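Participant: Here it is, the structure in full.
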């Protein structure tokens, strides 16, 4: 079958076209297999790619989501890792101090530090297996560290500190189809970060 030029430009090796009507065609990826015991060959469709029209060209079908999907807050980790890197870096370099640093970050970002806030934040992928609650003495130290982190942020961000913390909760990483991806950053968050020469991701 002869196809129009606006269809043929998408018909590459390993791709097949099916006509729906005079203005619409469907594009597939596939291969051919011989029918056992005969000389006939049948076409096997491996993947439906999309629909071709003259006016819009190829409209690719959105990829299917396979496997588990996981969403984690990422902005707070990015914010504190940048502006407070000296403060928390020293704690993270000491194995016994890592839970204190993690709890301090969670307290600053969410007002509480427990299993739920921990499992919903990117920090759980960087420092896994933190156990809650901390001992009373470690909890007090974490609260002190959290106040210090906030002071460090205030020195850098001044009147925008609280707004940047709010924005951090709108920045995510999503595990989908076997890899981490970053969704679109809200405009307000992007503009505020640019003001302070900071990048969320």
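Values quoted throughout were computed directly from the atomic coordinates according to the rules given, and no laboratory measurement underlies them. Note that this is a predicted model, so its numbers are computed, not measured. Using ideal geometry, Cβ is built from the backbone for each residue, glycine included, and neighbour counts are taken over all protein chains shown.
Participant: Go through 63-71, 139-147, 192-200, 76-84 and give me the packing order, highest mean Cβ count within 10 Å leading.
Facilitator: My ranking of the peptides, most packed first, is 76-84, 139-147, 192-200, 63-71.
Participant: Cut-off 10 angstrom, C-alpha nodes, Gaussian network model of the chain. Which of 107, 27, 91 fluctuates the most?
Facilitator: Looking only at 107, 27, 91, the biggest GNM fluctuation is shown by 27.
Participant: Using just the C-alpha positions of the range 29-125 as equal point scatterers, what log10 of I(q)/I(0) does the Debye formula give at each q in 0.14 1/Å?
Facilitator: So the normalised log intensities work out to -0.68.
Participant: How high is the relative contact order of the range 1-114? Use alpha-carbon pairs under 8 Å, at least six apart in sequence, and give a whole percent.
Facilitator: For the range 1-114, the relative contact order is 14 percent.
Participant: How far, in degrees from 0 to 90, does helix 98-110 lean away from the longest principal axis of the Cα atoms of the chain, to the nearest 10?
Facilitator: The angle comes out near 80 degrees.
Participant: Can you tell which of 162, 46, 121 shows the greatest fluctuation in a Gaussian network model of the chain with Cα springs below 10 Å?
Facilitator: In this elastic network of the chain, the residue with the biggest mean-square fluctuation among 162, 46, 121 is 46.
Participant: Which value in Å is the Kirkwood Rh of the range 5-60 over different Cα pairs? Don't skip to the answer; put the middle values down first.
Facilitator: Numbers: mean 1/r = 0.0823 Å⁻¹.
In the range 5-60 this quantity evaluates to 12.2 Å.
Participant: Remind me, relative contact order of the chain in percent, using alpha carbon pairs under 8 angstrom and six or more residues apart?
Facilitator: 19 percent
Participant: What is the Cα radius of gyration of the chain over 2.2 N^0.38 Å, N being its residue count?
Facilitator: After normalising by residue count via 2.2 N^0.38 Å, the value is 1.59.
Participant: Next question. Tilt of helix 136-157 relative to the longest C-alpha principal axis of the chain, in degrees (0 to 90, nearest 10)?
Facilitator: Roughly 70 degrees, rounded to the nearest 10.
Participant: Which residue, 31, 87, 150, has the most motion in a Gaussian network model of the chain that connects Cα atoms within less than 10 Å?
Facilitator: 31
Participant: Something else about it: Using only alpha carbon pairs under 8 Å that are at least six residues apart, calculate the relative contact order of the range 82-201 and give it in whole percent.
Facilitator: After rounding, I find 21 percent.
Participant: While we're on this one: Quick check on the chain: helices-only [θ] at 222 nm, where DSSP H runs of length 4 and up contribute -39,500 (n - 2.57) each and the sum goes over total residues. Nearest 500, please.
Facilitator: Mean residue ellipticity at 222 nm (helix-derived): -11500 deg cm²/dmol.
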